[in-house]
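Note sheet for the following structure.
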Amino acid sequence: MPTKTLLIPTTDGQADAFAAFPDHGERHPAVLMYADGFGIRPVLREMARELAGHGYYVLVPNSFYRHGPAPLIDLPEHIGEEARPALVARLMPLIEAHTAERVLSDADAYLRFLTIQPEVAAGPVAVTGYCIGGLLATRTAAAHPGRVAALAAFHAPVGAAGPDTLAKIAARLHFGHAESDLTPEALGELNRCLDAAKVDYTSEIYPGTVHGFTMSDTDAFDPAGLRRHWDRLLPLLRRAL
C-alpha cells in the first residue's frame, strides 16, 4: 500500500499530511479524513491504509499545523483513562484556536491540493472525521456542496455546526454517535434539523459505545462500534463516489 508524507500549501503556511492510496497505477476517488483531537498517529495511518485498500486516495492532514508538525505532543502507545485528562488539557487550547474561519481556509487548500494529485480521479470527493475531526468534516461539506458528495462523522460534536451550516450540506451523510455523547432526545433534535434541511442522511447512536469508540489506541475503543463504522462508511462512499 503506497503512502506519502506531504506538505500542503495553505494561506498560513504548510500543513503536514499523510496519504495512502491503492497500488494500481490508476486514479482513485479522494477521501479527506480529519483526525480526532489526538491527531495523526499510527492508528490514523492504519485506518487510512485500510480505507485506501477499498479503492480510495485518503488524505489525513494535521489540522493543527500552525502549532507545529504532528505529533504535537508525546502520546503513549495506549491512551488510557489516567493519561487522557492531561493530554486533553494540553490539546484543548489548540482545538479552541482552530476557528471556523481557519477550518474553511484550510479545507479550501486541502481540496485544491487533491485536484492536482496524479493518483486522484476527477469528480466529487468525500470527507470523514472523528471526534473534533467530524465537526471539521461537516463544515467542509457545508462549504463545498458542489464538490463534497459524501460526509461521515463519528463520535463527533456535529451539532455544534448549527442548523444553518447543516442546511448547506448537499452530500449524502452518516453520523455515528457514541451513546455517551448524545441522548435520544438530542439525537431527535439533530435529526429534525437534518430533515428540515432535506439532507440524504442516516444518523444513529451506536449502542454501548463511549466517545472515541473507533480509536483502537484508547480505552474508549469498541470493536463492534468500529465494525459498524466500516459497515456504514464503505457503502456510503460506494453510493456517492
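Treating the beta-carbon of each Lys and Arg as +1 and of each Asp and Glu as -1, no other charges, what is the dipole magnitude of the chain about its Cα centre, to the nearest 20 debye?
On the way: 21 positive and 28 negative charges, 167 e Å.
Computed about the Cα centre, the dipole is about 800 debye.
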Å² per residue, accessible surface of the chain at 1.4 Å: 44 Å²
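Taking the Cβ of M47 as the center, what net charge do the other residues with Cβ under 15 Å away carry, scoring Lys and Arg +1 and Asp and Glu -1?
Values: positive: R41, R45, R49, R227, R228, R232; negative: D36, E46, E50, D217, D222, D231.
Charge balance near M47 sits at 0.
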Kyte-Doolittle mean at least -1.0 and Cα axial length at least 24 Å: DSSP H helices in the chain: 223-240
Reported label for calculated Cα extents along the principal axes in Å given [x] 46, 43, 37; [y] 46, 42, 33; [z] 52, 38, 36: [y]
Along each principal axis, Cα extent of segment 4-137, largest first, Å: 45, 31, 21
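Given a 1.4 angstrom probe, I'd like the percentage of the accessible area of the chain that is carbon and sulfur, rounded to a whole number.
On the way: 5580 of 10560 Å².
Carbon and sulfur atoms account for 53 percent of the accessible area of the chain.
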Segment 40-108 versus segment 111-152: alpha-carbon centroid distance in Å: 16 Å
Dimensions (Å) - segment 79-140, Cα atoms, principal axes, largest first: 45, 25, 18
Rounded if a/c under 1.5, otherwise prolate or oblate - segment 31-79, Cα gyration tensor axes: oblate
Residue among D217, D164, D16 with the largest mean-square fluctuation in a Gaussian network model of the chain, springs linking Cα atoms under 10 Å: D164
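Excluding G146 itself, calculate the net charge of residues whose Cβ lies under 15 Å from the Cβ of G146, where each Lys or Arg counts +1 and each Asp or Glu counts -1. Don't skip to the end; give the middle numbers.
On the way: positive: R112, R147, K168, R172; negative: D108.
For residues surrounding G146, the net value is +3.
The values are calculated or read from the model by the stated rules, or taken from the named source; none is laboratory data. A quick note: this is a predicted structure, and the numbers were derived from the prediction, not measured. Cβ atoms come from the backbone with ideal geometry, glycine included; neighbour counts cover every protein chain shown. The protein model used for the area step is the full one, side chains on, heavy atoms only, and it has no ligands, DNA or RNA in it. Shrake-Rupley method; radii C 1.70, N 1.55, O 1.52, S 1.80 Å.
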